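Notes follow once the structure below has been shown.
The values are calculated or read from the model by the stated rules, or taken from the named source; none is laboratory data. Predicted model only: the values in this text are computed from it and were never measured. No Cβ is skipped: glycine too gets one built from the backbone with ideal geometry, and neighbour counts run over all protein chains shown. Surface areas here come from the heavy atoms of the whole protein model, side chains and all, with no ligands, DNA or RNA. Shrake-Rupley method; radii C 1.70, N 1.55, O 1.52, S 1.80 Å.
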Amino acid sequence: MTAPVSKPDDPALLRIDGPIATITLNRPAAFNAINLAIAQKLEQLATYIEGADDIRVVVLEGEGRAFCAGGDLQTIGAAAEAGTVTPVVGELLKHYHAFIETVRRMPKISLSSVHGSAAGAGMGLAFVTDLCIAADDARFTPAYAKIGVSPDGGSTVGIVGTVGSRRALQIFLAEDNFTAQQAYEWGLVAKTVPATELKAATRQLAERLAQNPPAAIAGTKQLVYQAATTPVKQQLDAEEHKIIMAMNTEAFRTAVKKFTSKSK
């Protein structure tokens, strides 16, 4: 499959550098708010990345002053006034949720790199990825309850699975916003760095993650996400299956030879 060619005015851009793919939300004038065009583009890019065997890590970032302001409230508000919320938001979420599902399913590690504001669905996007690195001045804003709605965009998938139900209820219903440091303390952010160092630190972490062989990444991700809802015997059987598959790869044989030669 040929990689999609990004044009400067595309609502989301794709850059590939070796085993690392970077998706950049590219609506800076709208603080990268999610509309139908960006949702469709994200779905397309994720579909390509999922099928690209040479990609091991996908980074999500935002262009301009914010990571992502959430859903495009101008579009959604106009639909509410016109009585067309169901088809308009339904179509938007069909594509955006397909993107989220692919990100969670793909046998690659996804890493969000957050600066500025991450609000609503943008906050959800930051935490639905497998890992998140954030600038120390980043702010996370749940936003949903304030406008009288419940979370979407994978927000309950990523946050509840990390912090549990009680902390999630606190975040969605009792927090106006919270800092990168709070997100780190709650386990939502893997690392915080000064804003001026975010791009370099993101690249460094992505390169570290990409050092893991594909079988290790794919097997670990699948096992971790299914562990909470899988009976013990079934999970142990899955562990056995995944590790034997990985042990039959050349990457494993090479790593073992390197390890055992050092121990002699």
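A compact table of results
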{"quantity": "Selection count, region 147-177, where residues are within 24 Å of L73 (Cα to Cα) and assigned to a loop (DSSP other than H, G, I, E, B)", "calculated": "10"}
{"quantity": "Residue among V149, V224, V232 that is free of Cβ contacts under 8 Å to residues at least 40 places away in the same chain, among the aliphatic types (A, V, I, L, M), surrounded by fewer than 16 Cβ atoms within 10 Å (Cβ to Cβ) and closer than 19 Å to V58 by Cα", "calculated": "V224"}
{"quantity": "Strands (runs of 3 or more DSSP E) contained in region 45-146 and holding at least 1 residues open to solvent by 40 Å² or more (accessible area, probe 1.4 Å)", "calculated": "117-119, 131-135, 139-141"}
{"quantity": "Tally, over region 180-202, of residues that are open to solvent by less than 40 Å² (accessible area, probe 1.4 Å), within 17 Å of R139 (Cβ to Cβ) and of a type in the set (S, T, N, Q)", "calculated": "0"}
{"quantity": "Number of the condition not met by V160 [criteria: (1) among the β-branched types (V, I, T); (2) in contact (Cβ under 8 Å) with a residue 24 or more places away in the chain; (3) closer than 22 Å to G70 by Cβ]", "calculated": "(2)"}
{"quantity": "Filter pass, R253 being basic (K, R), surrounded by fewer than 15 Cβ atoms within 10 Å (Cβ to Cβ) and under 18 Å from the mean Cα position of the chain (by Cα)", "calculated": "no"}
{"quantity": "Filter result for I16 (open to solvent by less than 10 Å² (accessible area, probe 1.4 Å) and at negative phi)", "calculated": "no"}
{"quantity": "Which listed residue, of V85, V128, V59, V103, is without any contact (Cβ under 8 Å) to a residue 24 or more places away in the chain and either of a type in the set (A, V, I, L, M, F, W, C) or touching a Gly at 6+ places or on another chain (Cβ under 8 Å) (or both)", "calculated": "V85"}
{"quantity": "Residue among L125, L111 that is within 18 Å of P11 (Cβ to Cβ) and at pLDDT 95 or above", "calculated": "L125"}
